[in-house]
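Here the structure comes first, spelled out in structure tokens, and everything after it is commentary.
Here, each number is a calculation from the coordinates, and none is a lab measurement. Worth saying up front: this structure is predicted, and the values here are computed from it rather than measured. Neighbour counts are summed over all protein chains in view; Cβ atoms, including those assigned to glycine, are modelled from backbone coordinates with ideal geometry.
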């Protein structure tokens, strides 16, 4: 049985046991499958042990030292576990499985991609990747896996000293002499290359250090030009996904005698659908995430053998993606919110019948005043900065006023979006009875379908309206205009509430979560 067939058969067995309501714990099933898989690989490699003596000297065998992780499960597990290879000593790990990006910020309904990458796989350090398995777990209330895409790390030729040509190989010949033919199988695709040329071929037969090709060489390859012949083996994949518990088991195994892959690369990419804005770890730091090296040894099924770094789907409020809700997040949301802030402006030009009309530019207790029926005053040139605006959410006019005493006369407020050429039919009439300064905002959003151009041309007109036969002076201290632009419409993570805009709702939610985090 090929390793690929066994890998797939083992996973099929695990799926049947693990997810068909058979009452066997998941860790027992997975460990049983894992031991069975390793034992099968061990049995296959034993047939070639004589060819690998120089490699096996690096290791010692022990029937007792391999730690069985689940005591008292099945006696057969202990027996099979005793057949595993074990290193006589392991320094700090040189290889890593890393979930990247480390922090992924996402909102409910988003799709996110998370990679599992390998770093530092090295044949000479016994961490080449003949096969690998990753078991990732997460909170199923937060994420669902949509799909799994296999990375390219296990693809391509396995380059190493085993493929170094012992002699020059000439165009037209079928034979190649390599440093270690035990790394090849009949039927393997191979890549032949040197500093000048390259081509692909298929191994027809193997005799000692000689590989016989299926077709003659198209090019000449010389030892002086660093000629080599490298296996490009097939691989088999295994996938088991259970979104109900938040777990995926993924793996790839090499088929045949080739050494493991080396270097850095992507093992797989998981695409998640975000179910909620909560956070969850993407946890791979279990004993079932491991490498199988070319000597059939599991690297990572015991502590200290393989670096494993989790990823995290962060809180929606963790804008800076550092695992905390802190002042940096407040900064980013505030920054996006402030890109198009609410503006309150005052006029810089005025004309009309009111006395001292310019006194109403600012709230300085100096007043524009009037007591003659129908006298009007117009204010223009408010100076709104509308560059970059995409729309207008609200337009308001403020009025700070008072009367001399005992009055009930009125001020009518009008607005124009073309500098006073014409005026909206939407007006506000304010009855002035207060003898101390009183300020209110009046909403003119519905006066027009407002645009940034219209805001830039706002004009305001106030008109004195006498009630009764005797007019009482009305004093106006301030006539500002306040405009709220459409908040920044964005897919930015600053839009915490996912309503399409960065607004006060986002600031409120962030501040609330920030405060909860630091409550004692």
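Across region 104-260, what fraction of all alpha-carbon pairs, as a whole percent, falls in each successive 5 Å bin from zero upward?
2, 8, 16, 17, 13, 11, 9, 7, 6, 5, 4, 2, 0
Once you keep just the Cα pairs under 8 angstrom separated by 6 or more residues, what percentage relative contact order results for region 161-232?
42
Label residue 271 and residue 355 with points 7 Å out from Cα along Cα→Cβ: what is the distance between them in nm?
Between residue 271 and residue 355, the simple spin-label model gives 7.6 nm.
Given bins 10 angstrom wide, list per bin the percent of all Cα-Cα distances in region 161-232, short to long.
Histogram of Cα-Cα distances, whole percents per bin: 24, 64, 12.
Order 233-239, 210-216 from most to least packed using the mean count of other Cβ atoms within 10 Å.
Highest-to-lowest ranking by the protection proxy: 233-239, 210-216.
Below 8 Å between Cα atoms, with a sequence gap of 6+, how large is the relative contact order for region 240-313 in percent?
Reported as a whole number, the value is 25 percent.
Extension gain residue 342-residue 244, at 0.36 nm per residue separation less the Cα-Cα distance, in nm?
Residue separation times 0.36 nm, minus the Cα-Cα distance, leaves 30.7 nm.
Can you grab the distance from the C-alpha centre of region 89-150 to the C-alpha centre of region 271-309, Å, no decimals?
When both Cα centres are located, 6 Å separates them.
Rounded to whole Å and sorted largest first, what semi-axes of the equivalent ellipsoid does the C-alpha gyration tensor of region 343-485 yield via the square root of 5 times each eigenvalue?
Working from the Cα gyration tensor, I get semi-axes of 26, 14, 13 Å.
With viscosity set to 0.692 mPa s at 37 °C, what whole-number translational diffusion coefficient in µm²/s follows for region 229-300 from Stokes-Einstein and a Kirkwood radius over Cα pairs?
Reported coefficient: 219 µm²/s.
For region 123-212, treating each Cα as an identical point scatterer without solvent, what Debye log10 I(q)/I(0) comes out at q = 0.12, 0.18, 0.19, 0.23 1/Å?
Log10 I(q)/I(0), no solvent term: -0.53, -0.90, -0.98, -1.30.
Just want the ordering: 290, 170, from fewest to most Cβ atoms lying within 10 Å of their own Cβ.
170, 290
Show me, bin by bin at 5 Å from 0, the whole-percent P(r) of region 205-246 based on Cα pairs.
Calculated P(r), rounded to whole percents: 5, 11, 14, 20, 12, 6, 6, 5, 5, 7, 6, 1.
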